[in-house]
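In what follows, a structure is listed as structure tokens, so that the remarks can point back to it.
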Amino acid sequence: MGVLPSNYYDFFGIEHRLDLDLRDLERRFYALSRQYHPDRFTLKSAEEQQTALDATAILNDGYRTLRDPLARAEYLLKENGFDIGEQGSKNVPPELLEEVFELNMALEELRAGDESARAGLEEARAKFIAMRDGIDAELKAKFAEYDGSRDRKVLAEVRGILNRRRYVWNLVNEVEKELAGAAA
Amino acid sequence: MSYSDKVLDHYNHPRNVGSLDRNDPNVGTGMVGAPECGDVMKLQVKVDEMTGVIAEAKFKTFGCGSAIASSSLATEWLKGKTVDEALAIKNTDIVNELSLPPVKIHCSVLAEDAIKAAISDYKKKQDQRKPVEARA
């Protein structure tokens, strides 16, 4: 066994794309799992046994990352220098910030025992879920655009969309936790 | 990771929490957020018309202790400063004052961004108020 590629895409032997055929990925995962299964190395040298263990670790981490579209996008962005980094608010539209702020205010009111905030929060939850669905559709389109063009400008856009998604998603989770907790 | 005493003090006793009337022409509002942690920070200043000095500064931050402390400290520093002096506040000043660890530096960047956004909003409002001929 030679040196193992540490890059997940390279390890799986696939192109560095944002959109992946998940069934193909799964087939490769099973094939590689068999290839590096520790049981097949019990009679080999300690060095080879270690390599098989390392391979299994990369394989599992890689599969977890690549099969999830968001984790995969973060991974590809990172290898292209678009790490989440410290970009401050530059990628978040001001209107979204306003909405996020208002929603946080409503959350705080509900936590303080103000039940009148509940109706507003339920409405906000529906709005943010719709927003997330819109963001996901946008992401899907951008994935295809990048895979077709390999244009770094598209990656910068994907970075912005993912930032927005994370923002919205954190909020939806928090609202759901709060609404469920308050109802219990 | 543990917070410094100064961060804890601002977190437990935040200064100047609240809001100012954003329709007041002498009030500048800055709203910024950090997608990496989901923080959102609103910072407002009210400038005294006669002296050009920041008379009031208010903030409301949803986020971690360092983000709250950074904005709380920022409002303390803003009061009594002119608009230009306010713009000279750097995130590194906040980092030093609060002894923020490297992973929390972005909180101070957020506070600096919030100051800049509030001042820029104030300046925009002031420009709009001036008659066109006086601006030339």
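The values are calculated or read from the model by the stated rules, or taken from the named source; none is laboratory data. What you are looking at is a predicted structure, and each value in this text was computed from that prediction instead of being measured. Because the Cβ atoms are built from the backbone with ideal geometry, glycine has one as well, and the counts that use them run over all protein chains shown. Side chains are part of the model used for accessible areas, which takes the heavy atoms of the whole protein and leaves out ligands, DNA and RNA. Shrake-Rupley method; radii C 1.70, N 1.55, O 1.52, S 1.80 Å.
What to note about this one:
- Residues that are more than 17 Å from B:L73 (Cα to Cα) and without any contact (Cβ under 8 Å) to a residue 12 or more places away in the chain, drawn from region B:3-32: B:D21, B:N23
- Cβ-Cβ under 7 Å pairs, at least 6 apart or on other chains, region B:80-107 side within 14 Å of chain A (Cβ to nearest Cβ) and more than 18 Å from B:I54 (Cβ to Cβ), far side of a type in the set (S, T, N, Q) and open to solvent by less than 60 Å² (accessible area, probe 1.4 Å): B:N91/B:S108; B:V95/B:S108; B:L100/B:S66; B:L100/B:S108; B:K104/B:S66; B:C107/B:S66; B:C107/B:S70
- Verdict on A:K127 being of a type in the set (K, R), within 21 Å of A:V175 (Cα to Cα) and either away from chain B (no Cβ under 14 Å) or surrounded by fewer than 18 Cβ atoms within 10 Å (Cβ to Cβ) (or both): yes
- Among residues of region B:2-59, those that are on the phi > 0 side of the Ramachandran plot and either open to solvent by 60 Å² or more (accessible area, probe 1.4 Å) or part of a strand (DSSP E or B) (or both), counted: 0
- Consider region A:132-160 and keep the residues that are buried (at least 18 other Cβ atoms within 10 Å of the Cβ) and among the hydrophobic types (A, V, I, L, M, F, W, C). The one that is farthest from the chain's Cα centre (by Cα) is A:V154.
- In the set (1) exposed (fewer than 15 other Cβ atoms within 10 Å of the Cβ); (2) under 25 Å from A:L107 (Cα atoms), B:T75 fails one condition alone, (1).
- Of all the residues in region A:11-59, those that are out of contact with any Leu (no Cβ under 9 Å at 6 or more places or on another chain), surrounded by 14 or more Cβ atoms within 10 Å (Cβ to Cβ) and closer than 27 Å to A:V158 by Cβ number 2.
- Number of the condition not met by B:Y3 [criteria: (1) touching a helix residue (DSSP H, G or I) at 6+ places or on another chain (Cβ under 6 Å); (2) within 14 Å of chain A (Cβ to nearest Cβ)]: (2)
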